[in-house]
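Enquirer: Quick one: structure below, then a few questions.
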Amino acid sequence: MTGPWAQWDHVLKVDPDKELLDDETFDDVAATGTDALEIGGTMDMTSEKMERVVDACAAHDVPIYQEPSNPGVVIDHEALSGYLVPTVLNAGDPFWITGAHKEWARIDGDLDWANTHTEAYVVLNPDASVAEYTDADCDLTADDVAAYAGVAERMFGQEIVYLEYSGTYGDPEVVAAAAEELDDATLFYGGGIHDYGSAREMGDHADTVVVGDLLHDEGVDAVAETVDGAKDA
Ligand SMILES: CC(C)=CCC/C(C)=C/CC/C(C)=C/CC/C(C)=C/COP(=O)(O)OP(=O)(O)O
Ligand SMILES: O=P(O)(O)OC[C@@H](O)CO
Ligand SMILES: [Mg+2]
């Protein structure tokens with residue numbers, strides 16, 4: 001089985017805790033050419049903020065996925081194509097590997113399993129909120145990261161492996177090593193993509209390039225350039 005992400009070159013991650021630039025709108029966001037919108041962030045997330053962004057994006061054709069950072073922010077919204085739920089392979093606290101997921105299933109009792117998918121994260125920037133939040137061990141070599149990727153795909157049947165450098169541009173050799181290890185899973189790369197060249201460089205190794213902060217810091221034209229870079233890779 002494989003999901004729609006197998007066709008994605010570019011994902012735009014919208015952080016509901018951050019503003020769009022000046023007079024930009026979610027119409028402009030949808031027009032960047034990205035293949036999918038992922039709605040989520042680590043800090044200060046609430047279901048109300050999630051709801052507001054999904055409402056604003058709902059009128060467009062771009063598929064929208066929620067990426068919840070904890071069970072309390074999950075929303076039920078007809079505009080959502082589904083849920084991309086992180087599991088952090090190198091988390092220091094097992095709560096972020098399976099614990100939160102167990103709690104979610106226990107509390108909800110009626111999960112939309114058919115539209116719920118996991119992303120096997122390897123968190124690699126020790127300064128990112130997500131690294132602190134999950135107490136991730138980011139002191140990893142390219143071989144370590146490749147081994148995590150192999151374990152995710154072959155032992156745990158993960159369809160998405162996500163190398164997360166959130167906030168900083170990562171090491172293309174690490175991304176290449178993980179890519180080399182994978183046969184079937186889709187490799188997401190996220191972190192510090194800021195222009196055509198960086199999107200193209202990471203897109204040469206990863207299947208899918210994820211862009212986040214750039215939307216909030218530089219705006220939709222800068223994001224559109226990264227779409228071009230990811231598509232040309
Ligand atoms: C089981 C459910 C429903 C949720 C738990 C899901 C898990 C394990 C989350 C832990 C990892 C996490 C917080 C993922 C959120 C997505 C993410 C990495 C966003 C980027 O975060 P940063 O860029 O570090 O944070 P800010 O931009 O908010 O500072
Ligand atoms: O914000 P940036 O650094 O673009 O990272 C994108 C994404 O991987 C964050 O979860
Ligand atoms: Mg961020």
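The values are calculated or read from the model by the stated rules, or taken from the named source; none is laboratory data. The shown structure was predicted, so the numbers you read here are calculated from the model rather than taken from an experiment. Cβ placement follows ideal geometry from the backbone for every residue including glycine, while neighbour counts extend to all protein chains displayed. We work out accessible area using only protein heavy atoms, side chains counted, and drop any ligands, DNA or RNA first. Shrake-Rupley method; radii C 1.70, N 1.55, O 1.52, S 1.80 Å.
Enquirer: Using mean Cβ contacts within 10 Å as the protection proxy, how do 73-84, 206-217, 101-112 order, highest first? Mind showing how you got there, number by number?
Expert: Values: 73-84: 16.6, 206-217: 22.7, 101-112: 12.3.
Ranked by mean Cβ neighbours within 10 Å, highest first: 206-217, 73-84, 101-112.
Enquirer: To one decimal place, what Kirkwood hydrodynamic radius in Å is obtained for the stretch 1-60 from all pairs of distinct Cα atoms? Mind showing how you got there, number by number?
Expert: Details: mean 1/r = 0.0795 Å⁻¹.
Every distinct Cα pair counted, the radius reaches 12.6 Å.
Enquirer: Could you please state how large a percent of the accessible area of the chain is carbon and sulfur, counting protein chains only and using a 1.4 Å probe?
Expert: Numbers: 4730 of 10620 Å².
C and S atoms contribute 45 percent here.
Enquirer: Going through the stretch 106-192, which chymotrypsin sites (Phe, Trp or Tyr not before Pro) have at most 16 other Cβ atoms within 10 Å and a DSSP loop state? Could the numbers behind the result be given before it?
Expert: On the way: sites: TRP113, TYR121, TYR133, TYR148, PHE156, TYR162, TYR165, TYR169, PHE188, TYR189; in loops: PHE156, TYR165, TYR169.
Here the sparse-neighbourhood loop sites are PHE156, TYR169.
Enquirer: Could I ask something else about it? With a 1.4 Å probe and all protein chains left in place, how much accessible area per residue does the chain have, in Å²? Let's see the in-between values first.
Expert: On the way: 10620 Å² over 233 residues.
That works out to 46 Å² for each residue.
Enquirer: Dipole magnitude of the stretch 73-183 about its Cα centre, charges +1 at Lys/Arg Cβ and -1 at Asp/Glu Cβ only, in debye to the nearest 20?
Expert: Working: 3 positive and 23 negative charges, 55 e Å.
Roughly 260 debye, rounded to the nearest 20.
Enquirer: Additional query: Report the gain in length on full extension from GLU24 to THR2: 0.36 nm times residue separation, minus Cα-Cα distance, nm rounded to one decimal. Please list the in-between numbers first.
Expert: Values: separation 22, 0.36 × 22 = 7.92 nm, distance 3.43 nm.
The GLU24-THR2 span can extend by a further 4.5 nm.
Enquirer: While we're here: Over all directions, how big on average is the projection of the convex hull of the alpha-carbon atoms in the stretch 32-134, in square nanometres? Walk me through the intermediate numbers first.
Expert: Working: hull surface 28.2 nm².
With the hull built on Cα positions only, its mean projection is 7.1 nm².
Enquirer: Further, regarding this structure: Hey, rough spin-label estimate for ASP17 and ASP232, points 7 angstrom out along Cα→Cβ, what's it come to in nanometres?
Expert: The two pseudo-label positions are separated by 3.5 nm.
Enquirer: Could you pull the Rg and Dmax for the stretch 141-233, using just the Cα atoms, both in Å?
Expert: 13.1, 40
Enquirer: Let me ask something else about it. Stick to Cα atoms and the Kirkwood definition of Rh, then tell me Rg/Rh for the stretch 4-232.
Expert: Details: Rg = 16.3 Å, Rh = 17.4 Å.
My calculation puts Rg/Rh at 0.93.
Enquirer: As an exercise, identify the GluC sites (Glu not before Pro) in the stretch 1-64 lying in DSSP coil whose Cβ has no more than 10 other Cβ atoms within 10 Å.
Expert: Numbers: sites: GLU19, GLU24, GLU38, GLU48, GLU51; in loops: GLU19, GLU24.
Passing sites in the stretch 1-64 are GLU19.
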